[in-house]
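**Student:** Dumping the structure here so I can ask a few things about it.
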Amino acid sequence: MSETNEKGLARLERALRAGAGAGEDEAAAAAARLVERADAAGLADVAYATVDTPLGSMLLAGTDRGLVRVGLPRETFDDVLEEISARVSPRLVELPRRVDEARREVEQYFEGSRREFELPLDWRLITGSFRCNVLEVLTKVPFGEAITYAEAAERAGSPRAHRAAGSACGSNPIPLVIPCHRVVRTGGEMGGYGGGVEMKRYLLKHEGWLD
Amino acid sequence: MAKPLPPFQAFLDEHRQPVLSFLRSMVGPDDADDCFQETFIAAMRAYDRLDGQHPRAWVMTIARHKAIDHHRARARGPEPRAEPPEQASPRANPGADAPDPELWSAVSELPPKQRAAIGLRFAGDLAYAEVAVALDCSEEAARRSVHEGLKRLRGRFAETKEAA
């Protein structure tokens, strides 16, 4: 008797689960409306989207101040998003509209119709005054040119700190837009790159600095 | 040091489906979306206070309160509607294979605590420990509410089947 009771309850549980489902599509649509609403309410501190490039997908994240982080194809975007969540704000949502201008400029860069980015930047992930100075220097190195780590250090005000200049380039949170790929070793060797040396080579060829 | 919060987008993606299902079980499909929006806006405002132990139970607690607010607002409204009509609408339970539309409609007639417990457990897909957090009661009491709700539903369905 109690066994049939238990069976009856189990069947009822299954029927409840089967009948309860809001579909995943509906939930996704509701979530997309939520993100727009959160943005309208000023709750979306950071918005991000991905953009396709010849080198793979890149991630662009921006705040109300400007572009705060660029994720290169070689990076794991979940890790990048967690980093932003921890260091900028966890109120981080996927909202392509908010980074439209950055997406457009990155696409134009890879198409060859743009040589300079005209994007406001949010520097808050760049810590330390020397790092800041080095990256500031890099923003003034034009498309098609490159400087050495020693030159970067010198222009940043510490001529002997070429290693620290290298480390500043390596920690650049907004690569491509702050062009740390335009810094090479004395003697013309590539040097390292967060997105991989192949990507650095691709960018320098694309800009005509390398054949 | 506390574990850092996941990006809100990841939190939303992980919980959106069970939260929407739970809200449908509480307020019906027509009003579930409004409650869903209010739930996650409130969750986003309070996100810093998420302790990370039971994130799903935490957001379900907010959802349950939004559903209760919704029922109160409707009870005060100019044209209080009878409880189950929207559950009987064709959009009530889309997607699932041949679900019984009357079943969730019968859930809406259970006493509030049993209804919430059943909704959290089977629509929200929570473990009993999480149902307990969301209902602010012991795990034992959560189990009891679900069990009593199920027994009552079974009784009701036995009656209707016999009548038919």
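The values are calculated or read from the model by the stated rules, or taken from the named source; none is laboratory data. Every value quoted in this text rests on a predicted model; they were computed, and no experiment measured them. Counting neighbours? That spans all protein chains shown, and the Cβs are built from the backbone with ideal geometry, glycine included.
**Student:** Being more than 8 Å from chain A (Cβ to nearest Cβ) and of a type in the set (Val, Ile, Thr) is the filter; apply it to region B:20-53 and report the residue that is farthest from B:Glu102 (Cα to Cα).
**Tutor:** Across region B:20-53, the extreme among qualifying residues is B:Thr39.
**Student:** Select from region A:23-53 the residues that are in a loop (DSSP other than H, G, I, E, B) and closer than 30 Å to A:Glu83 by Cβ and write down the one among them that is farthest from the other protein chains (Cβ to nearest Cβ).
**Tutor:** Only one residue tops the list, namely A:Gly42.
**Student:** What is the number of the single condition among (1) in contact with a Pro (Cβ under 6 Å, 6 or more places away or on another chain); (2) part of a strand (DSSP E or B); (3) not aromatic (Phe, Trp, Tyr) that A:Ala86 does not meet?
**Tutor:** In the conditions (1) in contact with a Pro (Cβ under 6 Å, 6 or more places away or on another chain); (2) part of a strand (DSSP E or B); (3) not aromatic (Phe, Trp, Tyr), A:Ala86 misses (2) alone.
**Student:** Out of (1) within 12 Å of another protein chain (Cβ to nearest Cβ); (2) of a type outside the set (Ser, Thr, Tyr); (3) surrounded by 21 or more Cβ atoms within 10 Å (Cβ to Cβ), the odd one out for B:Arg64 is which?
**Tutor:** B:Arg64 satisfies every listed condition except (1).
**Student:** Separate question: Check B:Arg152, B:Arg156, B:Arg91 and return the single one that is buried (at least 17 other Cβ atoms within 10 Å of the Cβ), among the basic types (Lys, Arg) and at pLDDT below 95.
**Tutor:** None of the other options fit; the residue is B:Arg152.
**Student:** Out of A:Leu81, A:Leu9, which single residue is in contact with a Phe, Trp or Tyr (Cβ under 8 Å, 6 or more places away or on another chain), without any contact (Cβ under 8 Å) to a residue 40 or more places away in the chain and within 11 Å of chain B (Cβ to nearest Cβ)?
**Tutor:** Of the residues listed, the single one that is in contact with a Phe, Trp or Tyr (Cβ under 8 Å, 6 or more places away or on another chain), without any contact (Cβ under 8 Å) to a residue 40 or more places away in the chain and within 11 Å of chain B (Cβ to nearest Cβ) is A:Leu81.
**Student:** So is A:Ala20 free of Cβ contacts under 8 Å to residues at least 24 places away in the same chain, within 14 Å of another protein chain (Cβ to nearest Cβ) and surrounded by fewer than 16 Cβ atoms within 10 Å (Cβ to Cβ) or not?
**Tutor:** Taking the combined requirement at face value, the residue does not satisfy it.
**Student:** Does region A:152-161 hold any residues that are free of Cβ contacts under 8 Å to residues at least 24 places away in the same chain and either closer than 24 Å to A:Gly208 by Cα or in contact with a helix residue (DSSP H, G or I) (Cβ under 8 Å, 6 or more places away or on another chain) (or both), and which are they?
**Tutor:** Across region A:152-161, the qualifying residues are A:Ala153, A:Arg155, A:Pro159, A:Arg160.
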